């Protein structure tokens, strides 16, 4: 859909129209983080793959999503704590990773580096918007506390619908606002990227692997059985990769 975006006066409207389904996808995946239905489609490896598929290259999105997933294991969305919003952010990252893709297994170096950085930034901004979203719901519910305490089903349903609808709009708007400037910037980066592609990919992989390793190491000491599960998954993954190769 968005294999390459060139910004000029004649095509701005057409590009904005192309961004509509991507924004809606970001809204749905952002909604999954907390509000509904919480079926893990907002995980970076899923959301970025979907974003890349919508933009024309699912494999590029998958590679980017795998990198972001290594970062996402560091934080868990628990309770009312503030945490990164990876659903919408990974959608943005997957779309950016697909820019300029040539059908090869690895995305272009510029696209991958920019996608990971913008994905992290968008997740951070998304976390802030989720806090604002909760405050808005609280302000809407406060005048209706008596009705809620009485178990009024109509009030509870309206509060649920209000929260879900606003969360969807939050994710969609965040996706749209992040894609508008970064699509152009990613195309510019691809055209002017001078750093060796192998070096770029090595830096990205090393960075995200270090974060993932630190998170896993903490789990080894905090959660019983984590080491056995990790070794079993590593063995199965290695065997699967060998059989496929």
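The values are calculated or read from the model by the stated rules, or taken from the named source; none is laboratory data. Please read all numbers here as calculations on a predicted model, not as lab measurements. With ideal geometry, Cβ positions are generated from the backbone for all residues, glycine too; neighbour counts draw on all protein chains shown.
Residues in segment 95-131 that are in a helix (DSSP H, G or I) and either surrounded by 24 or more Cβ atoms within 10 Å (Cβ to Cβ) or modelled with pLDDT of 90 or more (or both): how many? Adding up the residues that qualify gives 25.
For residue 190, are the conditions met, namely being surrounded by fewer than 18 Cβ atoms within 10 Å (Cβ to Cβ), touching a residue at least 40 places away in the same chain (Cβ under 8 Å) and within 22 Å of residue 111 (Cα to Cα)? So residue 190 does not fit the description; no. Candidates 238, 206: the one that is in a helix (DSSP H, G or I) and either touching a residue at least 40 places away in the same chain (Cβ under 8 Å) or more than 14 Å from residue 70 (Cα to Cα) (or both) is 238. Kindly check whether there is at least one residue in segment 172-193 that is farther than 29 Å from residue 122 by Cα and part of a helix (DSSP H, G or I). Within segment 172-193 (the criterion being farther than 29 Å from residue 122 by Cα and part of a helix (DSSP H, G or I)), the answer is no, since none of the residues qualifies. Which ones in segment 194-203 are loosely packed, with under 11 Cβ neighbours inside 10 Å and in a helix (DSSP H, G or I)? Listed by number, the residues that qualify are 198, 199. Tell me whether segment 132-144 contains one or more residues that are surrounded by fewer than 17 Cβ atoms within 10 Å (Cβ to Cβ) and touching a residue at least 40 places away in the same chain (Cβ under 8 Å). Yes: one or more hits.
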